[in-house]
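Novice: Sharing a structure with you now.
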Amino acid sequence: MDIRVLEIADLPYVQQTNLTNLPENYFLKYYLYHAISWPLLSYVAVDISRPPKSPYDPPRIVGYVLAKMEEEPTDGIPHGHITSLSVMRTHRRLGLAETLMRSSQRAMVESHGGQYVSLHVRKSNTAALHLYKDRLGFKIDKIESKYYADGEDAYGMKMDLEFIR
Ligand code: ACO
């Protein structure tokens, strides 16, 4: 498995992975905006177990983290935000999400001076909550009522990035 920075050519495949794994989806131009504005913050996991048959073979994207810096932080503190994270069912519990998240967090600190990272997650998303709280060390900052289109609440979570500096 190769974990590397997201490239523009990956975007349609990342979008497809997102559509497969999550109900929160985005126009391609939003992915492009991330890749152009913060080119070092988003990562992909690529299955390289079988060699490509031709140079035109698409990359086998099996996971991604799409991340950005908050453009106008209300608290005045530079910080990153995880827009979306997912890993294909066939490749879960291999540590890919954790590695994708840690890679992005490091780049937030080293490239943008990020002091913390934030995200939203469904209250019912047990797997992601385990990853964020127990594995990575995020804390619940607030509950955002009816944050999602179907009316589910979100936890707004934050993680201090001091330990990387
Ligand atoms: N149940 C309980 N804990 C879990 C689970 C699970 N199903 N999956 C991961 N974890 C926790 C565990 O602590 C795990 O460590 P362990 O395997 O040693 O016990 C740790 O997270 C690390 O797991 P990874 O292998 O790195 O996680 P994975 O690559 O499987 O991806 C993810 C986790 C991204 C949540 C995956 O299940 C997924 O894609 N789910 C659907 C999409 C999704 O919910 N994305 C997050 C939405 S929130 C957002 O995008 C900001």
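The values are calculated or read from the model by the stated rules, or taken from the named source; none is laboratory data. Note that the structure is predicted; figures quoted are calculated from it, not measured. Virtual Cβ from ideal backbone geometry, glycine too; neighbours counted across all protein chains shown. For accessibility, only protein heavy atoms count, side chains too; no ligands or nucleic acids. Shrake-Rupley method; radii C 1.70, N 1.55, O 1.52, S 1.80 Å.
Novice: Mind checking Rg over Rh on the range 61-130, alpha carbons, Kirkwood formula for Rh?
Specialist: Taking Rg over the Kirkwood Rh, I get 1.00.
Novice: Along its principal axes, what span do the Cα atoms of the range 6-65 show, with the longest given first and each in whole Å?
Specialist: Extents along the principal axes: 31, 24, 17 Å.
Novice: Still on this structure, I have one more. Could you provide, to the nearest whole Å², the per residue accessible area of the chain with probe 1.4 Å?
Specialist: Value returned for the chain: 57 Å² of accessible area per residue.
Novice: Ok, one more. Under the Karplus relation 6.51 cos²θ - 1.76 cosθ + 1.60, θ = phi - 60°, what is the ordered set of whole-Hz ³J(HN,Hα) values for the range 83-93, x standing for Gly and Pro?
Specialist: 6, 7, 9, 7, 10, 4, 3, 5, 10, 7, 6
Novice: Let me ask something additional. Show that you can apply the helix-only estimate: for the chain, add -39,500 (n - 2.57) for every DSSP H stretch of four or more residues, divide by all residues, and state [θ] at 222 nm to the nearest 500.
Specialist: -7500 deg cm²/dmol
Novice: Still on this structure, I have one more. Ignoring any ligand, DNA or RNA, what whole percent of the accessible area of the range 23-120 comes from carbon and sulfur when the probe is 1.4 angstrom?
Specialist: For the range 23-120, the apolar C and S fraction of the accessible surface comes to 56 percent.
Novice: With contacts defined as alpha carbon pairs under 8 Å and 6 or more residues apart, what's the relative contact order of the range 40-165 in percent?
Specialist: Relative contact order comes out at 22 percent.
Novice: How big is the accessible area of I77 in square angstrom, nearest 10, if you roll a 1.4 angstrom probe over the protein chains?
Specialist: My reading of the accessible area for I77 is about 60 Å².
Novice: Further, regarding this structure: Can you tell me the convex hull volume per residue for the range 47-86, based on C-alpha atoms, in Å³ to the nearest whole number?
Specialist: Taking the convex hull of the Cα positions in the range 47-86, it is 93 Å³ per residue.
Novice: Could you go through the range 150-156 in sequence order and give the Karplus-derived ³J(HN,Hα) for each residue, using 6.51 cos²θ - 1.76 cosθ + 1.60 with θ = phi - 60°, rounded to whole Hz, and x for Gly and Pro?
Specialist: Running phi through 6.51 cos²θ - 1.76 cosθ + 1.60 with θ = phi - 60° gives 8, x, 6, 6, 10, 8, x Hz.
Novice: Between L40 and E7, how many nm apart are label points set 7 Å from Cα along the C-beta direction?
Specialist: About 1.9 nm, to one decimal.
Novice: For labels at Y33 and S54 in the simple 7 Å Cα→Cβ model, what's the distance in nm?
Specialist: Once both label points are built, they end up 3.6 nm from each other.
Novice: On full extension of the chain, what length is gained from N25 through N125, given 0.36 nm per residue of separation minus the C-alpha to C-alpha distance?
Specialist: My answer for the length gained is 34.3 nm.
Novice: Let me ask you something else. Using only the Cα atoms, work out Rg/Rh for the chain, with Rh taken as the Kirkwood radius, to two decimals.
Specialist: That ratio is 0.95, to two decimals.
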